[in-house]
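Worksheet: the structure to be examined is printed underneath.
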Amino acid sequence: MHITIDPDLCEGNAVCEALAPLVFELDDQDQARVLPEAHGPGDEVAEEHRTLVERAVGGCPRLAIDVLD
Ligand code: SF4
């Protein structure tokens, strides 16, 4: 799956990191990003993380995370 995080919406509250720490982290600008190690081949996030990703998508209060299958 491909994940995008809208930097204009993300407010850096780290909810995604708390819900899915194997997938998301805040960078030094307090913007969420996908951990490099969560990626499988190419730019896709490994399918094994789907449940955690869906939790973070549902928990993000800014609706900043999108998942494209
Ligand atoms: S939960 Fe949403 S607003 Fe909060 S850091 Fe993650 S992407 Fe940004």
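Once you put a point 7 Å from the Cα of Gln29 and another 7 Å from the Cα of Leu68, both along the Cβ direction, what distance in nm separates them?
2.0 nm
Please list, in order along region 40-46, the HN-Hα scalar couplings obtained from phi with the Karplus expression 6.51 cos²θ - 1.76 cosθ + 1.60 (θ = phi - 60°), rounded to whole Hz, x for Gly and Pro.
Once θ is set to phi - 60°, the couplings for region 40-46 become x, x, x, 9, 8, 7, 4 Hz.
Loop-only check: which GluC sites (Glu not before Pro) in region 30-69 are DSSP coil with at most 14 other Cβ within 10 angstrom?
Numbers: sites: Glu37, Glu44, Glu47, Glu48, Glu54; in loops: Glu44.
Counting only loop positions with at most 14 other Cβ atoms within 10 Å, the GluC sites (Glu not before Pro) in region 30-69 are Glu44.
Let me check against my output: what whole-number percent is the relative contact order of the chain, with C-alpha pairs under 8 Å and at least 6 apart?
Details: 108 pairs, mean separation 31.1, N = 69.
Once divided by the residue count of the chain, the mean separation gives 45 percent.
Which FRET efficiency value, to the nearest 0.05, do you get for Glu44 and Asp6 by plugging their Cβ-Cβ distance into 1/(1 + (r/R0)^6) with R0 = 22 Å? Before the final figure, lay out the partial values.
Details: r = 19 Å, r/R0 = 0.86.
For R0 = 22 Å, the calculated efficiency reads 0.70.
Please check which bits of region 26-46 a label hung off Glu54 would reach, taking the label as a point 7 Å along Cα-to-C-beta and the cut-off as backbone N under 17 Å.
45-46
Cα extents of region 2-68 along the three principal axes, largest first, in whole Å?
Dimensions of region 2-68 along the principal axes of its Cα atoms: 29, 23, 19 Å.
Could you give the dipole magnitude of the chain about its Cα centre, charging the beta-carbon of Lys and Arg +1 and that of Asp and Glu -1, in debye to the nearest 20? Please report the intermediate quantities before stating the final value.
Numbers: 4 positive and 16 negative charges, 49 e Å.
Dipole magnitude for the chain comes out near 240 debye.
Taken together, the values in this text are just the output of simple stated rules run on the coordinates, not laboratory data. Since the structure is predicted, the reported quantities are computational estimates derived from the model, not experimental observations. Note that each Cβ is placed from the backbone with ideal geometry, even for glycine, and that neighbours are counted across all protein chains shown.
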